[in-house]
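To keep things clear, I will list the structure first and then write my remarks on it.
The values are calculated or read from the model by the stated rules, or taken from the named source; none is laboratory data. As the structure is a computational prediction, the values presented were derived from the model and not from experiment. Methodologically, a virtual Cβ is constructed for each residue, glycine included, from the backbone with ideal geometry; neighbour enumeration extends over all protein chains shown. Quick note on the areas: whole protein, heavy atoms, side chains included, nothing else; ligands and nucleic acids left out. Shrake-Rupley method; radii C 1.70, N 1.55, O 1.52, S 1.80 Å.
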Amino acid sequence: MLRLLVIAGAVAALGVIIAVYGGWEATPLWMVLLPVIIATGFAAWGAVNVRSNYFVRTHSKGKSTDKSVSLSFDDGPVTSFTPQILDILAQFDVKAAFFCIGHRVEQEPGIMKRITAEGHLVGNHSFSHSPMFDLQHSSAMRTDLTKANEAIKSATGLQPKLFRPPYGVTNPMLARAIRKSKLIAVGWSIRSFDTVIKDEDKLFERVTKKIEAGDIFLFHDTCAATVKILPALIKQLKRDGFAIRRLDELLNIPAYA
């Protein structure tokens with residue numbers, strides 16, 4: 001809806017500008033380009049802001065009336081950190097969501113079985129997670145998403161409905177691939193930046209600065225600092241009266257097909 005409003009607004013503005021100046025030939029070029037530049041800026045913002053719902057509806061936060069939050073981890077599974085995170089979650093009896101990369105799923109079927117056996121949710125995070133992923137045609141994206149789901153189903157027996165866009169980037173091609181794949185796009189409301197922030201104190205401060213009911217935390221089960229701060233985060237959430245619910249329960253959406 002926002003995207004349509006921006007396009008309609010740009011077209012209307014362009015029409016007004018041309019009318020005011022008395023036609024195409026009399027209108028300064030920069031005035032013609034201005035609505036296009038503004039619309040392009042909105043599109044760029046919408047593409048990199050997973051919460052914008054600009055190209056595709058993305059579930060990025062639960063209801064604020066329920067004092068619950070959810071933990072999610074991207075980019076695994078990896079032997080170096082995923083089992084440690086699972087140990088911590090088991091220690092505190094917390095269920096989380098793991099958005100897994102398909103080629104890593106194929107490498108670590110044992111970890112995948114453990115994730116689902118312990119009651120955690122598994123979601124699709126593409127098969128390749130390539131830096132070029134968002135530049136592909138929608139048919140190639142759909143093939144990638146299908147391949148990831150097939151890898152997850154082979155390892156766990158479950159076919160995910162939930163998909164988290166690589167890097168949180170969306171565009172019209174991905175929106176089409178998501179619709180045709182019958183997946184549900186999921187984002188986040190608290191981004192840890194744990195792939196960049198290596199200092200444990202800074203990371204903890206960032207994710208605990210402002211926590212609200214319905215928040216979805218984005219971490220990566222590929223980062224040492226995340227493993228280090230996770231026990232303290234869970235303790236603080238519980239101390240502050242937050243229930244930590246599995247993502248599908250927080251959002252009230254189906255996890256699997």
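For the stretch 58-75, state whether one or more residues are more than 25 Å from residue 243 (Cα to Cα) and open to solvent by 50 Å² or more (accessible area, probe 1.4 Å). Scanning the stretch 58-75 turns up no residue that is more than 25 Å from residue 243 (Cα to Cα) and open to solvent by 50 Å² or more (accessible area, probe 1.4 Å). Taking the condition more than 20 Å from residue 183 (Cα to Cα) and out of contact with any Cys (no Cβ under 6 Å at 6 or more places or on another chain), does residue 58 pass? Spelling it out, it is not the case that residue 58 is more than 20 Å from residue 183 (Cα to Cα) and out of contact with any Cys (no Cβ under 6 Å at 6 or more places or on another chain).
Taking the condition out of contact with any Lys or Arg (no Cβ under 7 Å at 6 or more places or on another chain), within 19 Å of residue 89 (Cα to Cα) and not β-branched (Val, Ile, Thr), does residue 202 pass? No, not satisfied.
Going by the conditions given, is residue 139 assigned to a loop (DSSP other than H, G, I, E, B), within 23 Å of residue 47 (Cα to Cα) and of a type in the set (Ser, Thr, Tyr)? Considered against the rule, which asks whether it is assigned to a loop (DSSP other than H, G, I, E, B), within 23 Å of residue 47 (Cα to Cα) and of a type in the set (Ser, Thr, Tyr), residue 139 comes out as no. Among the criteria (1) open to solvent by less than 10 Å² (accessible area, probe 1.4 Å); (2) among the small types (Gly, Ala, Ser); (3) within 30 Å of residue 236 (Cα to Cα), the one residue 119 does not fulfil is (1). Only a single criterion out of (1) touching a Leu at 6+ places or on another chain (Cβ under 7 Å); (2) open to solvent by 10 Å² or more (accessible area, probe 1.4 Å); (3) in contact (Cβ under 8 Å) with a residue 60 or more places away in the chain is not satisfied by residue 91, namely (1). Scanning the stretch 76-88 for residues that are open to solvent by 10 Å² or more (accessible area, probe 1.4 Å) and polar (S, T, N, Q) turns up 79, 80, 84.
Listed by position, the helices (runs of 4 or more DSSP H) inside the stretch 142-257 whose residues that are closer than 23 Å to residue 106 by Cα and open to solvent by less than 20 Å² (accessible area, probe 1.4 Å) number at least 2 are 172-181. Residue count for the stretch 215-257, restricted to those that are among the small types (Gly, Ala, Ser) and touching a helix residue (DSSP H, G or I) at 6+ places or on another chain (Cβ under 7 Å): 3. Cβ separations smaller than 6 Å between residues 6+ apart or across chains give the following pairs from the stretch 173-190 residues that are within 14 Å of residue 61 (Cα to Cα) to residues that are modelled with pLDDT under 95: 185/56; 187/50; 187/51. For residue 86, which of the numbered conditions (1) at pLDDT 95 or above; (2) under 14 Å from the mean Cα position of the chain (by Cα); (3) not in a loop (DSSP other than H, G, I, E, B) fails to hold? Only one criterion in (1) at pLDDT 95 or above; (2) under 14 Å from the mean Cα position of the chain (by Cα); (3) not in a loop (DSSP other than H, G, I, E, B) is unmet by residue 86, namely (2). For the residues 44, 97, the requirement of being modelled with pLDDT under 95 and among the small types (Gly, Ala, Ser) singles out 44.
Of the set (1) modelled with pLDDT of 95 or more; (2) in contact with a strand residue (DSSP E or B) (Cβ under 9 Å, 6 or more places away or on another chain); (3) more than 16 Å from residue 94 (Cα to Cα), all apply to residue 225 but (2).
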